[in-house]
Ligand SMILES: CC(C)(COP(=O)(O)OP(=O)(O)OC[C@H]1O[C@@H](n2cnc3c(N)ncnc32)[C@H](O)[C@@H]1OP(=O)(O)O)[C@@H](O)C(=O)NCCC(=O)NCCS
């Protein structure tokens with residue numbers, strides 16, 4: 001793990017998550033609106049529970065060599081959320097995930113960071129046919145993001161934690177690169 005910038009957009013910096021992001025990450029997960037679609041019990045996380053989620057995200061970087069990016073607002077240096085690659089064991093594909101701290105919702109940050117992440121994924125993995133996102137059918141905000149970043153809903157489903165059915169959204173390499181550029 002390094003502090004190197006992975007991608008830059010007009011308003012955001014995306015870089016590997018580091019231990020220094022602990023406080024901002026755990027604060028984000030304490031918010032009920034954010035946690036509703038990110039935790040298996042749909043409840044906000046205590047600091048201790050969020051710490052374990054955070055450790056899983058750092059561990060993903062260690063094991064896979066990539067993982068969710070920390071998203072930083074250029075104008076303020078604030079930690080905005082985590083967006084990007086996610087593929088824990090058993091996952092049905094290479095996902096681009098998104099989660100933004102409640103105070104930063106509605107600024108278009110998730111789609112801006114996700115487009116940069118998907119471009120990064122297709123460049124990093126030349127044989128990758130598609131990038132997916134797993135989305136609860138009730139998560140209107142996330143479905144709005146998926147549409148903005150060029151993903152389409154498929155008829156495939158994944159049972160998260162053996163209990164929560166999530167729909168698989170997908171962006172196919174060629175069509176996506178034709179539309180958004182390499
Ligand atoms: C989904 C999420 C990442 C969107 O992030 P964002 O940076 O706010 O994305 P956008 O600004 O493009 O907004 C997306 C949609 O959220 C809704 N939204 C925007 N601002 C909002 C606000 N202040 N309050 C409530 N909803 C809002 C709108 O429906 C918007 O769609 P629209 O622009 O077509 O109207 C964010 O809502 C979030 O972190 N949710 C909790 C975690 C989560 O669900 N992650 C995805 C799991 S699959």
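For 76, 39, 56, what's the fewest-to-most ordering of other Cβ within 10 Å of each Cβ?
With the sparsest Cβ surroundings first, the list reads 76, 56, 39.
Once you place label points 7 Å from the Cα toward the Cβ at residue 172 and residue 76, how far apart are they in nm?
4.1
Mind giving me the nanometre distance, one decimal, between the label points for residue 41 and residue 55, set 7 Å out from Cα along Cα→Cβ?
Taking the simple label geometry, residue 41 and residue 55 are separated by 1.7 nm.
Which value in nm describes the separation of the simple spin-label points at residue 10 and residue 155, placed 7 Å from the Cα toward the beta carbon?
Going by the 7 Å Cα→Cβ label model, 3.9 nm.
For residue 124 and residue 22, what is the calculated FRET efficiency with R₀ set at 35 Å and r taken between the beta-carbons, to the nearest 0.05?
That pair, residue 124 with residue 22, gives E of 0.85.
Hey, could you get me the Stokes-Einstein D for region 7-128, Kirkwood radius over alpha-carbon pairs, 20 °C and 1.002 mPa s, rounded to whole µm² s⁻¹?
147
Explain nothing, just the number: relative contact order of region 7-128, from Cα pairs under 8 Å at least 6 residues apart, as a whole percent.
25
Go through 48-54, 121-127, 94-100 and give me the packing order, highest mean Cβ count within 10 Å leading.
The most tightly packed comes first, giving 94-100, 48-54, 121-127.
For region 58-182, what relative contact order do you get, as a whole percent, if you take Cα pairs closer than 8 Å and at least 6 residues apart?
18
Given the convex hull over the Cα atoms of region 1-66, what projected area results after averaging over all orientations, in nm²?
5.1
Quick check: the distance between the Cα centres of region 76-109 and region 26-45, to the nearest angstrom?
Cα centres, region 76-109 to region 26-45: 13 Å.
What's the exposure ranking of 66, 47, going from fewest to most Cβ atoms within 10 Å?
Ascending Cβ contact count within 10 Å gives the list 47, 66.
Could you give me D for region 76-126, from Stokes-Einstein at 10 °C and 1.306 mPa s, where the hydrodynamic radius is the Kirkwood radius over C-alpha pairs? Units µm² s⁻¹, please.
Approximately 133 µm²/s, per Stokes-Einstein.
Taking a spot 7 Å from the Cα of residue 138 along the direction of its beta carbon, which residues of region 81-124 have an amide N less than 20 Å from it?
98-100, 102
Quick note: the coordinates plus some simple rules give every number you see, no bench work behind them. Predicted, not measured: the structure shown is a model, and the values here were computed from it. Counting neighbours? That spans all protein chains shown, and the Cβs are built from the backbone with ideal geometry, glycine included.
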